[in-house]
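So the structure is just underneath, and the comments pick up after that.
The values are calculated or read from the model by the stated rules, or taken from the named source; none is laboratory data. Just so it is clear, the model here is predicted, and its values are computed rather than measured. A quick note on method: Cβ atoms are made from the backbone with ideal geometry, for glycine too, and the neighbour counts reach across all protein chains shown. All accessible areas refer to the heavy atoms of the entire protein, side chains included, with ligands and DNA or RNA removed. Shrake-Rupley method; radii C 1.70, N 1.55, O 1.52, S 1.80 Å.
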Amino acid sequence: MPSVDAPTANNSSNPSQLEAIISTFTSLTDPLAINDALLVLNHALQGTNSAEVTQRILESIPLAHFFQLLQTDHGDETEFMIDRTCNVLESLLSQQPYSTIVQDPLMSGALLQALSSPSPKVHILGLSQVDKVAKEDLSVLRSILTSDVFKASVEGIASDNISIAERSKQTLLKICNDQERLEEVIKSDASLSMIRDLVHSRSSLVQLRMIEALTELAGRSHESLAVLEAAGLLDALKTGLSATDILTRFNIIEILSELGATTAGSEFLDSSGILTRIAAVVQDETNEDHLGMNAIAKLYGKLGASDKVDFVTLDMRYQILSQLERLMIGDDDFEPDETLKIEAMASMGLIGGNVQNVEWFSQSHCAEAFIDRLSLLPRDSKVAWYHSFAQILACSPDPSPETERIVAGLYDKMDGPGQSPFILRLLVSAKSQTVELSLAALSAMIVLARYPFAVQKMGLQRDFITFLWERNAGLSHSQKVAKHQVIEAMLKTFHEVKNTSNIELLTMEQATRLDLIRRQGPFYQRATATVAIQDMAA
C-alpha cells in the first residue's frame, strides 16, 4: 500500500504519489487508506490540471468502483467515505452529459441506486446528474419523462429528509427551465400523473412542497401559468384558502405572496377569484385565524412593493388599503393584536414605498389612519411605524419634483391642526433611552432630510438643531453613526438646493456648525487637558 501524504497547499499532490494511488486504488481494502486516497484524488481534481487528472483516473479506475464504495459498509469511516467519494464522483462526472451516463447500463443502474439512497449526499449526487437534462435536446427530456430515473427524482420531493426533498424540487424546476420544456413535462401522461399525485398527497407537507414548486413555475410567465392552470395544477391554490387546517391556510397564503409579486401571478390572483376570497376572509374570519391575517397583510405588502404589479387597479377593485386599515385598527367586532398591527403597518410601508403607489397611498384614508396611529402606539409598535414611514419617504432614491410634492403633502397631514410639529415628535423618539426606538426615529430623519421642505422645517426648530449640535457621549455606536448620517443628508440637500436655486434652507451659522461636525465625524471628542500639580511642600 503506498504511503499517502497530505495534499500540498495549492491543492495538488506529488505526481508520483498521485500516480501510485491511481494505479493501486481498486486494490485498497483498508477504510483509512481508501479515505486518504480519496482525499488526494479530490484535491488533485481541484487543481490546475484537473482535466488531465480526470482523464487519467477514468482510464484506470472504473466509475462503477466508486459507486460500489458508496454501497459498502465501512464501519466508523462510512460517512467520511461517502462524503469524499461523492466529491470525487461529482468532479469526474461534471463534464459527462446525462445522455452519456445513462447509455452505460452499469452507470444507469448506479444512478438509480443513488436516487433511492437515504444518504442526502449520495441522493443529491444523483440529482445533480439529472439536472443536466435541462441543457440537452428535447429528445433527451422526452426519454427521461417515462423513465424510472425521472420517477425517482420527482418522488424525492416526498422524502422525509428535508435536504433531499428540497433538492428534488429544485431538480424538477431545472428540468422545466423554459416554456417548451414545461409543456413537454405537462404533455407527458406519466410525468403529469406523478406531479398530480404529489399535489394531492395525504401529507400536507408534501402537498405544499409541490404547490410551491408549481407556483414558482407559474410566476415565470403568463404562458407557464396558463399551461399549469389548464392542467388543473393550480386548483390547490384556490381550495387551500378554504382548508380547515390553519397552518395549511397560512402556508398557502405565503405561497400566494410569492406568486402575486409577479405580473402573471397578480393577474391570476385577480382573475381566479383568490383576491375576492381573501377579502372575504378579512371581513368575516378575522377573529378565527390570527396567523392567516398576518399572512394576508404580508401578501398585500408584497403586491404593493412589486413594480410588476398594478397595485392601484387591484386596490380599486378589492379595497386592499381599507382591509389593511382594519387589520391595523380593528373595529367593534375585531381587535387586532400588536403583531398584526405591526404587520399591517409594514405592508403600508411597502405599498407607499413603491414610487408607483406613493401618491395613491398618500391620498387614501388608510394613510390618514396610519398617521393618526403614531400617538397611540406602544414602544415596539412605534419602532415599526417609523420604519414603515422611512420606507415611504425612501420611495425614490432621487426624488423628482413630483415625488417631493407628494411626500410634502403627506407630511403636511402630520403637522395638522392641534398637533405639535412632527419634527419635534420625531425628536422625542430619537432622544429616547430605548436604543431601538431612537434608531428607528433617526432612520426616518435620514430619509426625511433628502427633501428640501423637510430640511427647512428642521432648521426652524431650535431644539432639533441643538440636538444635532450636541456631542452626546451616552449614545451607542449605532446612534452616533445614524445621527451623523442625518447631518450628512441635511447638508447634501442644503448644498444641492443652494447651488441649483440659490435658496438657503438653513442659516449660515447652522450650516457651518453642522459641516464642522460632519468633518469631525460621528465619534469626535473634545481633547481634555490634564494638568499635573506637583507637591511643592518638599
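Things worth noting here:
- Output for the stretch 465-504, where each listed residue is in contact (Cβ under 8 Å) with a residue 24 or more places away in the chain, among the polar types (S, T, N, Q) and open to solvent by 20 Å² or more (accessible area, probe 1.4 Å): S476, S478, Q485
- Selected residue (criterion: farthest from K132 (Cα to Cα)) from residues of the stretch 153-167 that are outside any helix (DSSP H, G or I) and not hydroxyl-bearing (S, T, Y): D160
- Among the residues making up the stretch 396-413, a single one is of a type in the set (S, T, N, Q) and free of Cβ contacts under 8 Å to residues at least 40 places away in the same chain: S400.
- Pick from the stretch 235-248, criterion open to solvent by 30 Å² or more (accessible area, probe 1.4 Å) and not polar (S, T, N, Q), ranking: farthest from L303 (Cα to Cα): D245
- The one condition in (1) open to solvent by 40 Å² or more (accessible area, probe 1.4 Å); (2) part of a helix (DSSP H, G or I); (3) under 18 Å from F453 (Cβ atoms); (4) touching a helix residue (DSSP H, G or I) at 6+ places or on another chain (Cβ under 8 Å) that I371 fails to fulfil: (1)
- Which listed residue is part of a loop (DSSP other than H, G, I, E, B), modelled with pLDDT of 95 or more and touching a helix residue (DSSP H, G or I) at 6+ places or on another chain (Cβ under 9 Å), from Q391, Q356: Q356
- Those helices (runs of 4 or more DSSP H) lying entirely in the stretch 304-353 with at least 2 residues open to solvent by 30 Å² or more (accessible area, probe 1.4 Å), more than 18 Å from E368 (Cβ to Cβ) and at pLDDT 95 or above: 311-318, 338-352
- The stretch 394-425 - residue that is of a type in the set (A, V, I, L, M, F, W, C) and part of a loop (DSSP other than H, G, I, E, B) and, of those, least open to solvent (accessible area, probe 1.4 Å): C395
- In the stretch 168-277, counting only helices (runs of 4 or more DSSP H) that sit wholly within it, the ones holding 1 or more residues that are under 20 Å from the mean Cα position of the chain (by Cα) span 204-218, 246-260, 263-271.
- Residue that is surrounded by the fewest Cβ atoms within 10 Å (Cβ to Cβ), among those in the stretch 426-440 that are of a type outside the set (V, I, T) and part of a loop (DSSP other than H, G, I, E, B): Q433
- Residue list for the stretch 23-47, restricted to those being surrounded by fewer than 20 Cβ atoms within 10 Å (Cβ to Cβ), in contact with a helix residue (DSSP H, G or I) (Cβ under 9 Å, 6 or more places away or on another chain) and of a type in the set (A, V, I, L, M, F, W, C): L28, L32, L39
- Residues that are aromatic (F, W, Y) and either buried (at least 22 other Cβ atoms within 10 Å of the Cβ) or within 11 Å of V407 (Cα to Cα) (or both) within the stretch 354-364 comprise just one, F361.
- If the condition is being within 29 Å of D137 (Cα to Cα) and open to solvent by less than 30 Å² (accessible area, probe 1.4 Å), then the stretch 58-98 contributes F66, F67, C86, V88, L89, S91, L92, L93, Y98.
- The number of residues in the stretch 469-509 being in a helix (DSSP H, G or I), farther than 18 Å from L448 by Cα and either in contact with a Phe, Trp or Tyr (Cβ under 6 Å, 6 or more places away or on another chain) or polar (S, T, N, Q) (or both) comes to 4.
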